[in-house]
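What follows is a single structure, written as structure tokens, with notes after it.
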Amino acid sequence: MSLIEDCPVASGQAILPARITELLDQAPAARADVLRERLNTEFPVLQDRLARLYDCHDNFSDWLSQVVAQAVKLALSRPNDLWALDMQRASQPNWHLNGSLGYCAYVDKFAGNLSGVRQRIPHLQELGVTYLHLLPFLKPGTPPNDGGFAVASYDEVDPALGNNHDLQTLTQELRAAGISLCSDFVLNHVSHEHEWALKARGGDAHHQSYFHWAKTPEDVAAHEKNLIQIFPNTAPGNFTFIPEVKAWAWTTFYPYQWDLNYTQPDVFAEMAQSLLQLANLGVEAFRLDSTGFLWKRPGTNCMNQPEVHWILQAMRSLTNIAAPGVLLKAEAIMPTQDLPPYFGLGETQGPECHVAYHSSLMSASWVALAEENTQIIQDVLSHTPALPDGCAWMTYVRCHDDIGWNVLRPEVDARGADQRARLLHASQFFAGDVAGSYAQGAAFQASDPTVVHGTNGMAAALVGLTSAQTPAEQEAAKSRLVMMQALSLFVGGLPLIYMGDEWGQGNTSAQEIAQRQGPDGRELHRPIFDEHSFANRHDESTMQGQIYAALRAFIQAKKQHSSLSATHPLSVWHTGTSAVLGLKRGSHVLGLFNFSGQPQTLSPTPGITQNCMTHGTDLISGKALDLQGLQLAPYSAIWLKK
Ligand code: GLC
């Protein structure tokens, strides 16, 4: 019997289950009134999305009312400061788009532990950071654990980094400094040491249903036919035999990361609860890891299935009830054309994530650098939709993962059957395997030199800073690094700086890598924060100081001029040379990015509508510039305002 059908209680327009109205009737009036209003909007959404996923299960209505009750209880126990923040943000949907700047770091490498991160707040403030993504800090499985992406408990901080109290203290101090803490939330899989996996191994049928199993080698082979390989060298295949269960667990990533089965409603309910509990500890944003893989549909590649979006929209709806000030960020490293649904655009309409990585733009910028030609960036931007209010692209130059080239397949394929070779060229270029390459990166997960996968390396190594022998080479490398960052800052609603890139830290040393657990090529760009070089950041006679100053000038310009905000539409401005990318923000601001090692002279076509801007003031130097015939230095970035 369904509670909804049997005990309808009207609250505004939504009919809420009795369990919820009782909870609200007993709660303090001020919160209860706000929650009734939120539920009016959100309950019908939740009911719809979760019914699509789980209506075929017994007692769906009772289960749904429990899920909502859980969110309501967490909303009622939400600390006052966070409740107040929710209220403030609810009235400003674009609160996270004004002069936002992200920073991303591993806790241990950046600062030792969570308390150490508090000592880094002045640096983050000086840089202008408003959003700090700390890579996984929840209790992981025993190493190797994919840098913490194999989580053993979602409810506890990794004891090596601190405890839940330290997390709460850190979030409070960050908030006081105007910085929102973002935590990874690994939705797709858990560590094989997570309690659910241990119970499943022990024969508990209920917990076995939290995972996907293939019973025979034939089942495995039938699935594998359609699936991609994430780590073809170090973790080939998508299944791992578990002797105790006498079956193969679905393990898209490493064998110790068991994919969760979201057809089991308890998986959804438990994950949602953990997320909202972390929000109550002060986490203000969640990076929803590997979202594309959440739903398996036999016979498909099991990526980006419609159900993924119903799961995410239901998560968003629960967040809107219990912690509406919290941001959800999709980590869906997919071609641009697959990303709009993560913002709730397209067939699976509805509010979903606020932010998503623009990985195609990131990879395309590196290809453009290798080719000294910006065509591929323009192709990617032509596939990039305008976003709904309150949504933003996260742009970045580097992050903790490899640069994946295959996200660009749609763009290169559209240019011709022979164009895939451009991706292979980029990967060889950044591995330093092409004549004339300055890069010191390394190919990732590709032992076959004719296959493209990813590229590892810190930005400074990829732009040639660490290989530069002469002052001219150093100058060129520095310009490349700053230009790439300036592009990310120009395009992004939420641009992200990866730890160390603000002053040009190089790759992890071979000696350090040798001490790390498990072979993972991505360790190349996961160095320990170099205090010594960092100390030079204010000294402009050093390379670190020059990079830091140049980057900060662009960051400050972005913060000072609201016309640079991502709320104004972005369009391509035709520079007359494919070596230079021209981008307009609204009608008053222009960004020019010279991807070539040669000076370039602009010859814009005034007849093109977007090109009607003819002159402007350089936002960094303050000089007045005429666009016709303007000379751009090699690898330079110029931002102008009419
Ligand atoms: C995400 C993370 C990556 C990790 C993978 C599996 O893609 O960014 O580092 O290996 O998820 O959790």
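The values are calculated or read from the model by the stated rules, or taken from the named source; none is laboratory data. Just so we're clear, the structure is a prediction, and the values are computed from it rather than from any experiment. Glycine gets a Cβ as well: all are built from the backbone with ideal geometry, and neighbour counts include every protein chain shown. Keep in mind that these areas ignore ligands, DNA and RNA; they rest on the heavy atoms of the full protein, side chains included. Shrake-Rupley method; radii C 1.70, N 1.55, O 1.52, S 1.80 Å.
Out of the residues in segment 498-520 that are in a loop (DSSP other than H, G, I, E, B) and within 16 Å of D146 (Cα to Cα), state the one that is modelled with the lowest pLDDT. It comes out as G518.
Of all residues in segment 384-403, those satisfying the criterion of being in contact (Cβ under 8 Å) with a residue 60 or more places away in the chain, surrounded by 21 or more Cβ atoms within 10 Å (Cβ to Cβ) and within 13 Å of the ligand (Cβ to nearest atom) are M394, Y396, R398, C399, D402. Take the conditions (1) more than 24 Å from L494 (Cβ to Cβ); (2) under 23 Å from the mean Cα position of the chain (by Cα); E372 misses just one of them, which is (2). Within the bounds of segment 593-612, is there any residue that is of a type in the set (A, V, I, L, M) and either more than 23 Å from M484 (Cβ to Cβ) or open to solvent by 70 Å² or more (accessible area, probe 1.4 Å) (or both)? Yes, because at least one residue in segment 593-612 is of a type in the set (A, V, I, L, M) and either more than 23 Å from M484 (Cβ to Cβ) or open to solvent by 70 Å² or more (accessible area, probe 1.4 Å) (or both). Of the residues making up segment 579-638, those that are more than 34 Å from the chain's Cα centre (by Cα) and of a type in the set (D, E, K, R) number 2.
For segment 153-172, a residue qualifies if it is surrounded by fewer than 21 Cβ atoms within 10 Å (Cβ to Cβ) and either outside any loop (DSSP other than H, G, I, E, B) or within 16 Å of the ligand (Cβ to nearest atom) (or both), and the qualifying residues are S153, Y154, D155, E156, N164, H165, D166, Q168, T169, Q172. Selection of strands (runs of 3 or more DSSP E) fully inside segment 584-642 by the criterion of at least 2 residues being touching a Leu at 6+ places or on another chain (Cβ under 6 Å) and free of Cβ contacts under 8 Å to residues at least 40 places away in the same chain returns 615-618.
Residue-by-condition table, conditions (1) among the small types (G, A, S); (2) within 16 Å of the ligand (Cβ to nearest atom); (3) closer than 15 Å to F110 by Cα; (4) open to solvent by less than 10 Å² (accessible area, probe 1.4 Å):
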site: G464; (1), (2), (3), (4): yes, no, no, yes
site: Q474; (1), (2), (3), (4): no, no, no, no
site: R480; (1), (2), (3), (4): no, no, no, no
site: Q485; (1), (2), (3), (4): no, no, no, yes
site: F490; (1), (2), (3), (4): no, no, no, yes
site: G493; (1), (2), (3), (4): yes, no, no, yes
site: Q511; (1), (2), (3), (4): no, no, no, no
site: A535; (1), (2), (3), (4): yes, no, yes, no
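Please work out which residue is nearest to the ligand (Cβ to nearest atom), limiting yourself to segment 298-342 and to residues that are within 19 Å of G404 (Cα to Cα) and of a type in the set (S, T, N, Q). Per the stated criteria, the residue is N304.
For (1) assigned to a loop (DSSP other than H, G, I, E, B); (2) open to solvent by 10 Å² or more (accessible area, probe 1.4 Å), each residue gets a yes or a no:
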site: H207; (1), (2): no, yes
site: H223; (1), (2): no, yes
site: A235; (1), (2): yes, no
site: E244; (1), (2): yes, yes
site: F268; (1), (2): no, no
site: V283; (1), (2): yes, no
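Looking only at segment 55-73, residues that are assigned to a helix (DSSP H, G or I) and open to solvent by 10 Å² or more (accessible area, probe 1.4 Å) come to 7 in all. Taking the numbered list (1) in a loop (DSSP other than H, G, I, E, B); (2) in contact with a Lys or Arg (Cβ under 9 Å, 6 or more places away or on another chain) in turn, E523 passes all entries but (1).
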